[in-house]
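These notes are about the structure you will find just below.
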């Protein structure tokens, strides 16, 4: 069985590593000859909008999936005529457009922060009246890891922010004073079978995920599952879907979706009975889903910009290092560390040690 993946980055790499024990083979399409997943299977070196190249990938695969949101939705739209393709193109199209995303949340009864469309400079004043300050002006498309957004704290910030973002269509969103940043990862099979991982509590630095910690028995689990289930059912979804959430007091506010395996679920590789990567493959191939239960307390720390002394990290009990094989550069995710222990208090101490070894105070 051959799985075709649009994208050849670390998520594609981890999908392949999860799939080889199942006897799967992989083909990747990525424009970079240095794509870090490329050596784990055949690679088509081409852009995602290259129709002929995408068809070559499809014709070599039994099923096609994708690893990130910047694959053009129109590329995905024609593939199901040639080969089963999951998740659905509609989920990708919504995730690529912040306004469509927020509107879908609203339509499904999923609470969000206040938001308004900003299609031209004249929309800014009315959007500020509706949303209030402080707020974040975000490009509707091509924003991730803190890119494509500017914080507004005074009305005079609005026009310079619009210019800084290139004068493209945007959304203005309320800047939420949240208590916690959370995410929930769900997986839905071809037959509608659905499972949920424990909520992850997340910390970002400079717009990039710094660490995630799974929270089994979190009091917000049921509400988060209800929200993500509505999305899965609305899309007729197949595969892994992540929903990023703000907790404000006793309320959850949906922020965005990721129709793919997700950075906040990397702890599942060692920390769950079945990793998010294996369950994504199970789902798109029509296999039964594996258990999403956590083995125990677990956390994940991203390695960004440069790698630490791996020997020192591996000396921490319960630590597992994953290096992606990418060239170091500022702000680039080069790997991650998962940490699994038997008790929460033990995890606290060992997580502090991992953070020291990767250069965090």
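Grab the Cα-Cα distance for residue 203 and residue 287, subtract it from 0.36 nm times how many residues apart they are, and report the gain in nm with one decimal. All intermediate terms of the calculation are to be shown ahead of the outcome.
On the way: separation 84, 0.36 × 84 = 30.24 nm, distance 3.35 nm.
Working it through step by step, the gained length comes to 26.9 nm.
In the chain, the inverse of the mean reciprocal separation of distinct Cα atoms equals 21.1 Å; this is its Kirkwood hydrodynamic radius. Here the Gaussian network model covers the chain, with springs between Cα atoms less than 10 Å apart; of 321, 64, 261, 321 fluctuates the most. Building the convex hull from the alpha-carbon atoms of segment 114-174 and averaging its projection over directions returns 3.4 nm². Calculated mean residue ellipticity at 222 nm for the chain: -8000 deg cm²/dmol, from DSSP H runs with n ≥ 4 weighted as -39500 (n - 2.57), summed, divided by the residue count and rounded to 500. With a Förster radius of 30 Å applied to the beta-carbon distance between residue 180 and residue 97, the computed FRET efficiency rounds to 0.70.
When every alpha-carbon pair in segment 180-357 is counted, what percent end up more than 22 Å apart? Result: 44 percent of Cα pairs exceed 22 Å.
Multiplying the sequence separation of residue 342 and residue 329 by 0.36 nm and subtracting their Cα-Cα distance, what value in nm do you get?
Details: separation 13, 0.36 × 13 = 4.68 nm, distance 3.50 nm.
Full extension from residue 342 to residue 329 adds 1.2 nm.
Rank 228, 187, 248 by mean-square fluctuation in a GNM of the chain with C-alpha springs under 10 angstrom and give only the top-ranked residue. Looking only at 228, 187, 248, the biggest GNM fluctuation is shown by 248.
Would you please give the FRET efficiency between residue 55 and residue 141, computed as 1/(1 + (r/R0)^6) with r the Cβ-Cβ distance and R0 = 25 Å, to the nearest 0.05?
The computed FRET efficiency comes out at 0.50.
Counting every alpha-carbon pair across segment 2-85, the share separated by more than 22 Å comes to 13%.
Output the relative contact order of the chain, whole-number percent, from Cα pairs under 8 angstrom with separation of 6+ residues. Each step should come with its number before you reach the end.
Numbers: 798 pairs, mean separation 48.2, N = 361.
Relative CO of the chain lands at 13 percent.
When you restrict to C-alpha pairs under 8 Å that are six or more residues apart and normalise by the size of segment 51-138, the relative contact order lands at 19 percent.
Between residue 39 and residue 234, the contour length at 0.36 nm per residue exceeds the Cα-Cα span by 66.5 nm.
Applying 1/(1 + (r/R0)^6) with r as the Cβ-Cβ distance of residue 163 and residue 70 and R0 = 25 angstrom yields a FRET efficiency of 0.55.
Laboratory data are not the source of any read-out in this text; all were calculated from the coordinates shown. Just so it is clear, the model here is predicted, and its values are computed rather than measured. Cβ atoms come from the backbone with ideal geometry, glycine included; neighbour counts cover every protein chain shown.
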